[in-house]
1. Within the stretch 85-122, count every residue that is in contact with a Leu (Cβ under 8 Å, 6 or more places away or on another chain) and assigned to a helix (DSSP H, G or I).
2. Looking at this structure, is L49 assigned to a helix (DSSP H, G or I) and surrounded by 20 or more Cβ atoms within 10 Å (Cβ to Cβ)?
3. Just checking, does the stretch 199-210 include any residue being more than 17 Å from the chain's Cα centre (by Cα), assigned to a loop (DSSP other than H, G, I, E, B), modelled with pLDDT of 95 or more and not small (G, A, S)?
4. Can you tell me how many residues in the stretch 122-150 are touching a residue at least 40 places away in the same chain (Cβ under 8 Å) and under 21 Å from the mean Cα position of the chain (by Cα)?
5. For V257, state whether it is under 23 Å from F367 (Cα atoms), modelled with pLDDT of 95 or more and in contact with a helix residue (DSSP H, G or I) (Cβ under 7 Å, 6 or more places away or on another chain).
6. Looking at I103, I140, which one is touching a strand residue (DSSP E or B) at 6+ places or on another chain (Cβ under 6 Å), aliphatic (A, V, I, L, M) and closer than 24 Å to R196 by Cβ?
7. In the stretch 219-249, which residues are in a loop (DSSP other than H, G, I, E, B) and more than 25 Å from the chain's Cα centre (by Cα)?
8. From Y342, Y310, Y370, Y377, which residue is among the hydroxyl-bearing types (S, T, Y), farther than 30 Å from S271 by Cα and modelled with pLDDT of 85 or more?
Amino acid sequence: MVTPGLGRQVGTPSSRMAIALITGATGFLGCEIVRRLLARDGETHLIALIRAGDDLTLERRRRQLVQGLPGAHGKRVRVVRGDMTEACLGLSPADYAALTKRIDRVVHVAATTHLGRPLAEARRRNVGGTTQALQLCRRIREHGKEGRLDYVSTAYVAGDRADVVFESELDVGQGFRNTYERSKFEAERLCRAAMRELPIAIYRPSIIVGHSVSGETTRYNTLYWPMRVLIPFYLRWRAVTGLVPLPLGRECPLDIVPVDYVAESVATLYSRPEAAGRCYHLAAGVDGAVTIEQLVNLVCEHFHGPRRRYVDPRGHVRWLGRALRPLLRRLSPGFVRRGEHYLPYAFQNPRFDVSNARAAGLAPPPFAAYFPRLLAYAHAADFGRGRPPVPGQRLPSPERPGPPVAAEWIEHS
């Protein structure tokens, strides 16, 4: 599937300008990467591969993608209708051949981040999509062009490790807590094997949250999901919740980075030839990660509440949880399923060495400096259930708790 007449699209660049195909451009991270790539270099042109059922849907998604971009930047973005998981990206042989002659490189961001997908489906999207990206780069090389791949992996290819993970490491015999970790590990393994023939830069972001300045986000999973469940409960029942301990590992590290830092890092390394052949942890690092207790303390300070007590989640609470699980599954199966996906991250996590990223001059802002803005934005938007705040809107006072929120899965891919 492809928009007819690739050559007739607005803003056809001259041959001297670099043209990259980008996948996942309409997603939470991909949209920010598009903005940063265009802002960093006026010579960069992008073709966004977008899934759409028809050309009208494609045009609507194109308008959404360029909305808010300076006019000159938007003219350097074109779109093609296709599917990264299909052979030849779902294009006709003629359109695929024309695309390989037109582009110079690939930025592969698209992925399913759903932790609970069946393994075959996670592999189809994450491993299959990466396989197609590598094949596309090989075809570009056949035309005598660079064929570089900038691949967005994840720091959690480290799986269930609890030690320090280095950027040079991948397979050390780790296990995996879900199909997302496993499929992204398998996809990165393909990229590393292909480094012998292709210039490939690998980026491993950790837990991505909203914008560090505005707090804005369109994705309320990962860190946001536990907060959207716990915060309304504690706010609504302030008088008694001081007696309710949190069944979390208080010393468990959480490596968190804002979306603007990750996007700016990708855009910076995209322009550096020396980034090819290297892997970069786009993470807070060993010294920048926060513990669950530090995170909870920041939440309590924001809402002017008392600090919380903790109970070992591997002790008696674990047995109580197992006993109540059948009842909870009948009452709220979706809640239990999502809780089971996230709970392992509340017990132990790896820490990430960031030597390559720091040597490249990349470092995120301190978490405590921007977290209140994330929390204020998410609370004002009712953690994804309400209208998002408009720019300049005064956010609600933390003393005034909002209504409890339901646990809904919001997927980003």
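1. 7
2. no
3. Yes: the stretch 199-210 contains one or more residues that are more than 17 Å from the chain's Cα centre (by Cα), assigned to a loop (DSSP other than H, G, I, E, B), modelled with pLDDT of 95 or more and not small (G, A, S).
4. Residues in the stretch 122-150 being touching a residue at least 40 places away in the same chain (Cβ under 8 Å) and under 21 Å from the mean Cα position of the chain (by Cα): 14 in total.
5. Against the criterion (under 23 Å from F367 (Cα atoms), modelled with pLDDT of 95 or more and in contact with a helix residue (DSSP H, G or I) (Cβ under 7 Å, 6 or more places away or on another chain)), V257 does not qualify.
6. Answer to the selection: I103.
7. To start, the set of residues in the stretch 219-249 that are in a loop (DSSP other than H, G, I, E, B) comprises 219-223, 237, 242-245, 247-249.
Correct list: W237, G242, L243, V244, P245, P247.
8. Y377
The values are calculated or read from the model by the stated rules, or taken from the named source; none is laboratory data. Computed from a predicted model, the values in this text were never measured in an experiment. Reconstructed Cβ throughout: ideal geometry from the backbone, glycine too, with neighbour counts over all protein chains shown.
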